[in-house]
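The values are calculated or read from the model by the stated rules, or taken from the named source; none is laboratory data. All figures in this text were calculated on a predicted structure; none of them were measured in a lab. All Cβ positions, glycine included, derive from the backbone under ideal geometry; neighbour counts span all protein chains shown. Protein only, heavy atoms only, side chains kept; ligands, DNA and RNA dropped before computing areas. Shrake-Rupley method; radii C 1.70, N 1.55, O 1.52, S 1.80 Å.
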Amino acid sequence: MADRVTVIGWDGSPLTEAARSALAAATLVAGAAHHLALPEVPPAAERVRLGSVDLAARRIVGHRGTAVVLADGDPGFFGVVRTLRAPEHGLEVEVVPAVSAVAAAFARAGMPWDDARVVVAHRRTLRRAVNVCRAHPKVAVLTSPGAGPAELALLLDGVHRTFVVCEELGTDRERISVLTSDKAADHAWRDPNVVLVIGGGPVGGSTGGWLLGHDTPAVRGWALPGEDTGGRTGQDPTLRAAQLARLGPRIGDLVWDIGCAGGTFAVEAARLGAAVIAVDADPGACARTDAAARRAGVPLQVLAGRAPHLLERLPEPDVVRVGGGGVPVVAACVDRRPERIVTHAATRDEAEAIGAALADGGYEVECALLQTVGLDPRDWSERGRSLAFLLAGRRI
């Protein structure tokens, strides 16, 4: 194993004295091509092109001498330090940090970033990164080849955002471009780049926050009465609570709310951090949902149209709530293979038919009869009564 491993972050600035000293003593230097071309790299040192960090780590484990790993930005922020310190390699490292690419990008844009979400986009995580951009008004995307600004823009089809694309930060080829997301797919972008995705709701405040990247909901709790969520009272909050619990919408998810009515479910799913597409055949319901989202301060994409036909052109969902349409809509959602589907029925016959559609589509089905009676605690008189069959399907 190497006698000493130093990880040096590089942001295009001149190397610090500590970084130059570590490089001068190195017998192995790992990094990208532009790192290995730095004049401070000792000519006699073994050079390792940093493609796979795991492969480089194994080379370092087998090396006898002093190793240095060069990385762009802050190597401890979504960087190589995590992989080098993984138990399978057993490397203890010293880190010489630099300004992260995210911090540099926001500095170039003249914006604070303590209220931003930061995501890494690879080919396998691109869809989830896009869902975060749908759901949050300020997102920094650390891109990779095949998951860059153009691909982000294509998957954000129909959702308007502003892109700040920062290419080759810290180099003499640095370029900053500001454009709308619908134009980003028309360009060829240089790697490496960072994309700031802005829009879809209020961005930051004048007083600052207290938790990096997170906004605390203004209203405490969930499965709230309609007037508290900003939507029109319609669906029983207890049924909505059970549906939310079965779906478990979270950051990085895309939720379909089919038959959104007053928008109470859609707003609550968005308050939990998920991206939401709300659909209803009634333009009035779409208007109410849009207004509820604005009052709650959450971004939603609201589409007027009739399911199941409209669903064909929607991006892939992670979880789905069907508020209306019965078996045909449930069957269409099953065809898209989300992880979970919830809906409700007014009669046992309808519940049996929906349960069969879920089971035939490869879902494990749960059904419960929910009855709630609202009481006035002043005199314990009955305010209202609700009865529904809750059906939940989990993909097997």
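Would you mind working out the magnitude of the charge dipole of the chain relative to its Cα centre, with +1 at each Lys and Arg C-beta and -1 at each Asp and Glu C-beta, to the nearest 20 Debye?
Using only the charged Cβ atoms, the result is roughly 160 debye.
Using a simple charge model, +1 on the beta-carbon of Lys and Arg, -1 on the beta-carbon of Asp and Glu, nothing else, what dipole does the range 264-367 show about its Cα centre, in debye to the nearest 20?
520 debye
List the residues of the range 100-118 whose backbone N lies under 13 Å from a point placed 7 Å from the Cα of residue 82 along the Cα-to-Cβ direction.
Counting backbone N atoms under 13 Å from the label point, the list is 118.
Sorted from largest down, give the three principal axis spans of the alpha carbons of the chain, whole angstrom values.
Computed over the Cα atoms, the extents are 83, 47, 42 Å.
Just going by the charge dipole of the chain, with Lys and Arg at +1 and Asp and Glu at -1 on Cβ, which of 18, 43, 218 is farthest out on the positive end?
Among 18, 43, 218, the one farthest towards the positive end of the dipole of the chain is 43.
Counting Lys and Arg as +1 and Asp and Glu as -1, each charge on the Cβ, what is the dipole of the range 132-190 about the Cα centre in debye, to the nearest 20?
With only Lys, Arg, Asp and Glu charged at Cβ, the dipole is about 180 debye.
Hand me the GluC sites (Glu not before Pro) from the range 361-396 located in a DSSP loop with no more than 10 other Cβ atoms within 10 Å, in residue order please.
The qualifying sites: there are none.
Tell me the label-point distance for the pair residue 349, residue 309, using the 7 Å Cα-to-Cβ offset, in nm and rounded to one decimal.
Reported label-point gap for residue 349 and residue 309 is 2.7 nm.
Let's test the formula: R0 of 41 Å, r as the Cβ-Cβ distance of residue 160 and residue 64. What FRET efficiency results, to the nearest 0.05?
The calculated FRET efficiency here is 0.15.
Do me a favour and compute the ellipsoid semi-axes for the range 5-139 from its Cα gyration tensor, root of five times each eigenvalue, largest one first, whole Å.
30, 18, 12
Shape call for the range 229-309 from the C-alpha gyration tensor, a ≥ b ≥ c root eigenvalues: rounded (a/c under 1.5), prolate (a/b greater than b/c) or oblate?
Rounded shape, in that the Cα axes give a/c under 1.5.
At 7 Å along the Cα-to-beta-carbon direction for both residue 383 and residue 214, put a label point, then send me their distance in nm to one decimal.
Label at residue 383, label at residue 214, 3.0 nm between them.
What is the spin-label model distance, in nm, from residue 190 to residue 109 if the labels are put 7 Å beyond Cα along the C-beta direction?
Distance between label points: 2.0 nm.
If you roll a 1.4 angstrom probe over the protein chains with everything in place, what fraction of the accessible area of the chain belongs to carbon and sulfur, to the nearest %?
Roughly 53 percent of what the probe reaches on the chain is carbon or sulfur.
Starting from 0.36 nm per residue, how many nanometres of slack lie between residue 281 and residue 20 once their C-alpha separation is accounted for?
87.5 nm
At 1.4 Å probe radius, can you tell me the per residue accessible area of the chain in Å²?
48 Å²
Shape of the range 280-396 from its Cα gyration tensor (a ≥ b ≥ c, root eigenvalues): rounded if a/c is under 1.5, otherwise prolate when a/b > b/c, or oblate?
oblate
For the range 22-87, rounded, prolate or oblate, judged on the Cα gyration tensor with a ≥ b ≥ c (square roots of eigenvalues), a/c < 1.5 rounded, else prolate if a/b > b/c?
oblate
Identify the GluC sites (Glu not before Pro) of the range 53-141 meeting these criteria: DSSP loop state and at most 16 other C-beta atoms within 10 Å of the C-beta.
88, 92
Give the residue from 351, 198, 296 lying farthest towards the positive end of the charge dipole for the chain; charges sit on Cβ (+1 for Lys and Arg, -1 for Asp and Glu) and the dipole is referred to the Cα centre.
198
Hand me the trypsin sites (Lys or Arg not before Pro) from the range 361-396 located in a DSSP loop with no more than 16 other Cβ atoms within 10 Å, in residue order please.
Sites meeting the loop and neighbour criteria: 378.
Please provide three numbers in whole Å: the alpha-carbon extents of the range 136-219 along the principal axes, with the largest listed first.
Here the spans come out as 43, 32, 19 Å, largest first.
For the chain, which longest stretch is free of loop sites, where a loop site is one of the chymotrypsin sites (Phe, Trp or Tyr not before Pro) that DSSP puts outside H, G, I, E and B and that has at most 14 other Cβ atoms within 10 Å?
So the longest stretch without any such site is 1-209.
Quick one: compute the contact order of the chain, relative version, from alpha carbon pairs under 8 angstrom and 6+ residues apart, as a percent.
11 percent
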